[in-house]
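Asker: Structure below; questions to follow.
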2 protein chains.
Amino acid sequence: MPRRAALAAVPTPAAVLDLDVLERNVVRMANKARTLGVALRPHAKTHKCVEVARLQQERGARGLTVATLAEARAFADAGFADLTWAVPVVPGRLDEVVELARRLTFRVLVESDAAADAVARAAAEARVSLHVWIEIDTGQHRTGVDPASDLAESLARRLATTSPLVFDGILTHAGQGYGAKDRAALERAAATERDVMVALAERLRRAGVPVPGVSIGSTPTMAVVKDLTGVTEIRPGNYVFNDFVQVAGGVCAPEDCAFSVLATVISHQPGADHAVVDAGALSLSKDLGPSDPVRRRGYGPLLRGLAGGEVDPVLQVRGVTQEHGIVGPAETAEGQARAPGSAQSAVAGAEPADVEGRLAVGEKVRILANHSCLSAALFDEYWVVRGEDVVDRWRIWRGR
Amino acid sequence: MPRRAALAAVPTPAAVLDLDVLERNVVRMANKARTLGVALRPHAKTHKCVEVARLQQERGARGLTVATLAEARAFADAGFADLTWAVPVVPGRLDEVVELARRLTFRVLVESDAAADAVARAAAEARVSLHVWIEIDTGQHRTGVDPASDLAESLARRLATTSPLVFDGILTHAGQGYGAKDRAALERAAATERDVMVALAERLRRAGVPVPGVSIGSTPTMAVVKDLTGVTEIRPGNYVFNDFVQVAGGVCAPEDCAFSVLATVISHQPGADHAVVDAGALSLSKDLGPSDPVRRRGYGPLLRGLAGGEVDPVLQVRGVTQEHGIVGPAETAEGQARAPGSAQSAVAGAEPADVEGRLAVGEKVRILANHSCLSAALFDEYWVVRGEDVVDRWRIWRGR
């Protein structure tokens, strides 16, 4: 397969990146960060891709955020000099952390005394300066120190005064924005993320602890935030691709989605109201998408035609097994397709004809994944397109 | 990391294979096939691993089943000479199919006239003999020809008389066994799988179409089946590992599960009834497990201790994000952990103390994945153990 080809000739299943959309998304968030007066440190867990990170850097991103040490090593090898590993540091992998910290500015998250002990010991033994953020819980209640606790202050003080650690400040991820019921709720989550962090930074400074950085951000909260006074950097990740979760949440439009999965129809039995494509759970993931079930479209809607940009109003992936995706008009019970010829569609206007007409064996379709980060991580490379022309292939750095 | 080490020293997250259990599972299914008088062609999509396939072959497996062409190429390179690609053939990838068919006996699935056209043309152009099965729908209603249809007979006749195609016979996967409510329902699914296929083979033979093979099988249906008269081969896959779905379905016991995920506790805030491990959606998948919600244990229960073999009665992964797993006693809304100190457990006898006592930052845990096939496919290698000793590392052939 030559680099330049038609999208329709790409072997399926395939991860497709629309470069025009990607570039727009990169520029839009970079401009937003500039307008709001904060640094942009994109979360690269979404793309795991050196070429995408370079586009972000060229447009003004300062440093990257990573979710795995495999990503960190790939970006280090590509010359990136400033990375934050935005998961509470794994004590058993501090030898790898130290190795990275010898090569570049490597920043880790600490949110317990046990982790602080381990990090301080590893840095001292290796005689390497290691950057540390304290992770703060601003409402997601997943990880992070309670901002009202004594621990927030004692841990900050300890990290700020322990050599050879370098205390970077306080960091949070308001992941609860993904559960917001409407725009007002999302705006409240975004305001809380900022307000809680700025208040904590002020409290720590009053207590004599210097707080160089205040790092926040997710794609939904950054989409609605108006004022970031007191914040120094933001770390959205998904914005570079977007996905159906963001569309359903009102964060972006379908034409803002840069990532999709190309699949081939491999089965359609006469009279059935479903067809089967070669993109299943190992292409789309089993992410059910929007947290609001009313907005769900199974494992993702189809796009209209191969050019992309518009969501099909009827067809979606309504079930997945390992390498099979069940495509049809209506949502039935998870993973259950209906018997050939037996079903009445639950969607007004959706008839077997919708499937018959469009989903012949051998046809290719594009699927808008519910969750682009999880879907991309299932592939080894992106097929990069402008319109329906393949213009490049970029490696995805999966692994640990 | 040397090959021989303690499991506790393995970097997390890691895919762990218990070799003693694996060998037992391999032998048990091989013996069952022998007793029932059928060939065993294991589905390698579960393990994607040459070393596991060799164990299966040494114990009498004849050929392998694969779900992807990446698996097919890996097994071809390792010297396996007889493979079935058990997904309806993807027309756009027939060049790769032909390439494989030049190297070994390669069998593909056809279940439409369109696919038959494409396969016949590709084989004729390449002058390579290509083996074909017709896939039959015995009740899963995912893929496969209706066994009562005229198409079943016309397609069989066509494939049996089209050179250079070699007609292997009829093949099915009774995936509906995974939705069986109880053992009686599972036994009915298994009986239907056999009966429908044997009846169709007889009908085709009466109509003058030779049917060399009748291929069926899934792990649940093979666990309960008593008689396979008329069947020539079975293709269970999951049995080699098993998983929590099989345990919950009564198909095996926890000590029959060879695959688990090793993870490290990376967060536990004071007073919280949850901890966080470094195994999230990209280690466990987002498979919700048993189709019966009553038997669900979130994204998988913990095992007791590092030696494995016994399911923890209280602790489970109750939510996942990309690289985080929320571990705690009770199931809350998907992906939502409770606020530190705020929650009463919904499980009798489950107190924050269960978390406090066992899940300190830095501790390692083993998780029984809901769906071992999907979880294994997220890793690059297995850490192979006997007890808590690492005895080998085996590559996982992910990809397309």
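Asker: In the range B:82-98, which residues become less accessible by 30 Å² or more once every protein chain is in place, relative to the chain on its own, using a 1.4 Å probe?
Answerer: The answer is B:Val87, B:Pro88, B:Val90, B:Pro91, B:Arg93.
Asker: Using only helices, what value at 222 nm comes out for chain A when you add -39,500 (n - 2.57) per DSSP H run of length 4 or more and divide by the total residues, to the nearest 500 deg cm²/dmol?
Answerer: -9000 deg cm²/dmol
Asker: Right, another one. Axis carrying B onto A: which residue of B has the nearest Cβ, and how far, whole Å?
Answerer: Nearest to the symmetry axis by Cβ: B:Lys286, 2.
Asker: Could you state the per residue volume, in Å³, of the convex hull enclosing the Cα atoms of the range A:32-76?
Answerer: Normalising the Cα hull of the range A:32-76 by residue number yields 66 Å³.
Asker: Output the relative contact order of the range B:1-65, whole-number percent, from Cα pairs under 8 angstrom with separation of 6+ residues.
Answerer: Relative contact order, the range B:1-65: 33 percent.
Asker: Taking A:Glu356 in one copy and the same position in all the others, each labelled 7 Å out along Cα→Cβ, what are the pairwise distances from the first, in nm, shortest first?
Answerer: 6.7
Asker: Work through the residues other than A:Ala78 whose Cβ is under 14 Å from its Cβ and net out their charges, Lys, Arg +1 and Asp, Glu -1.
Answerer: So the surrounding residues net to 0.
Asker: In square angstrom, what is the accessible area per residue of the range A:1-60 with a 1.4 angstrom probe?
Answerer: Each residue of the range A:1-60 exposes 41 Å² on average to a 1.4 Å probe.
Asker: Further question on the same structure: Hey, what's the Cα Rg ratio for the range A:1-157 versus the globular rule of thumb, 2.2 N^0.38 Å?
Answerer: Dividing the Cα radius of gyration by 2.2 N^0.38 Å gives 1.23.
Asker: Now a separate question. Would you mind listing how long the protein assembly as shown runs along its three principal axes, going by Cα atoms, in whole Å with the largest first?
Answerer: Principal-axis extents of the Cα atoms in the protein assembly as shown, largest first: 91, 54, 45 Å.
Asker: Of the cross-linked pairs A:Lys45/B:Lys364; B:Lys181/B:Lys286; A:Lys286/B:Lys32; A:Lys32/B:Lys286; A:Lys226/B:Lys286; A:Lys45/B:Lys45, which ones have a Cα-Cα span greater than 28 Å in the structure shown?
Answerer: With Cα atoms farther than 28 Å apart: A:Lys286/B:Lys32; A:Lys32/B:Lys286; A:Lys226/B:Lys286.
Asker: Moving on to the next point. Please name whichever of B:Ala184, B:Ser291, B:Leu7 sits farthest to the positive end of the charge dipole of the protein assembly as shown, dipole taken about the Cα centre and charges placed at Cβ: Lys and Arg +1, Asp and Glu -1.
Answerer: So the residue furthest toward the plus end is B:Leu7.
Asker: May I ask you to rank B:Asp150, A:Asp18 by accessible area, largest first, using a 1.4 Å probe over the protein chains only?
Answerer: Ranked list, largest accessible area first: B:Asp150, A:Asp18.
Asker: Report Rg(Cα)/(2.2 N^0.38 Å) for the range A:165-239, keeping two decimals.
Answerer: 1.13
Asker: Nearest 5 is fine: what % of DSSP beta bridges in the protein assembly as shown come out antiparallel, could you say?
Answerer: Taking every DSSP beta bridge within the protein assembly as shown, about 45 percent pair in antiparallel fashion.
Asker: How far apart, in nm, are two points set 7 Å out from the Cα along the Cα-to-Cβ line at A:Asp195 and at B:Asp82?
Answerer: Inter-label distance under the simple model: 7.1 nm.
Asker: Any chance you could check the range A:254-283 for residues losing 50 Å² or more of accessible area when the partner protein chains are in, compared with the chain on its own (1.4 Å probe)?
Answerer: A:Ile266, A:Gln269, A:Leu282
Asker: Please give the total accessible area that chains A and B bury against each other, computed with a 1.4 Å probe and expressed in Å² to the nearest 100.
Answerer: In total, this chain pair buries about 4800 Å².
Asker: I would also like to ask the following. Restricting things to alpha carbons, tell me how big the range A:188-336 is in terms of Rg and Dmax, in Å.
Answerer: For the range A:188-336, the Cα-based Rg and Dmax read 20.5, 74 Å.
Asker: Could you give log10 I(q)/I(0) at q = 0.15, 0.18 Å⁻¹ for the range A:54-106, computed by the Debye formula over C-alpha point scatterers of equal weight, without solvent?
Answerer: -0.38, -0.54
Asker: Between beta-carbons, use under 12 Å as the cut-off and find the net charge around B:Ala369, counting Lys and Arg +1, Asp and Glu -1.
Answerer: Taking every Cβ under 12 Å from that of B:Ala369, the sum is +1.
Asker: What's the center-to-center distance, using Cα atoms, between the range A:210-262 and the range B:1-58 in Å?
Answerer: 43 Å
Asker: Ok, one more. Can you give the Kirkwood hydrodynamic radius for chain A, in Å, rounded to one decimal and based on Cα pairs?
Answerer: 22.2 Å
Asker: Considering only DSSP states other than H, G, I, E and B, which trypsin sites (Lys or Arg not before Pro) in the range A:179-251 qualify as loop sites with at most 10 other Cβ atoms within 10 Å?
Answerer: Hits after loop and neighbour filter: A:Lys181, A:Lys226.
Asker: Right, another one. Report relative contact order for chain B in percent, whole number only (criteria: Cα-Cα under 8 Å, sequence separation at least 6).
Answerer: 20 percent
Asker: Keeping all protein chains in place, calculate the accessible area per residue for the range A:205-269 (probe 1.4 angstrom), answer in Å².
Answerer: 25 Å²
Asker: Hey, another quick one. Over the protein assembly as shown, with every protein chain in place, what whole percent of the accessible area is carbon and sulfur at 1.4 Å, could you tell me?
Answerer: 49 percent
Asker: Could you give me D for the range A:211-290, from Stokes-Einstein at 4 °C and 1.567 mPa s, where the hydrodynamic radius is the Kirkwood radius over C-alpha pairs? Units µm² s⁻¹, please.
Answerer: Roughly 83 µm²/s, to the nearest whole number.
Asker: Right, here's the next one. Can you tell me what share of the DSSP beta bridges in chain B is antiparallel? A percent to the nearest 5 is fine.
Answerer: Among the beta bridges of chain B, antiparallel pairing accounts for roughly 45 percent.
Asker: Continuing with this model, one more query. Please work out the ratio of the alpha-carbon Rg of the range B:71-163 to 2.2 N^0.38 Å and round it to two decimals.
Answerer: Relative to the 2.2 N^0.38 Å estimate, the range B:71-163 comes out at 1.09.
The values are calculated or read from the model by the stated rules, or taken from the named source; none is laboratory data. The model shown is predicted, which means the values in this text are computed figures rather than measured ones. Note: ideal-geometry Cβ built from the backbone for every residue, glycine included; neighbour counts use all protein chains shown. Note: accessible area is taken over every heavy atom of the protein model, side chains too, but ligands, DNA and RNA are not part of it. Shrake-Rupley method; radii C 1.70, N 1.55, O 1.52, S 1.80 Å.
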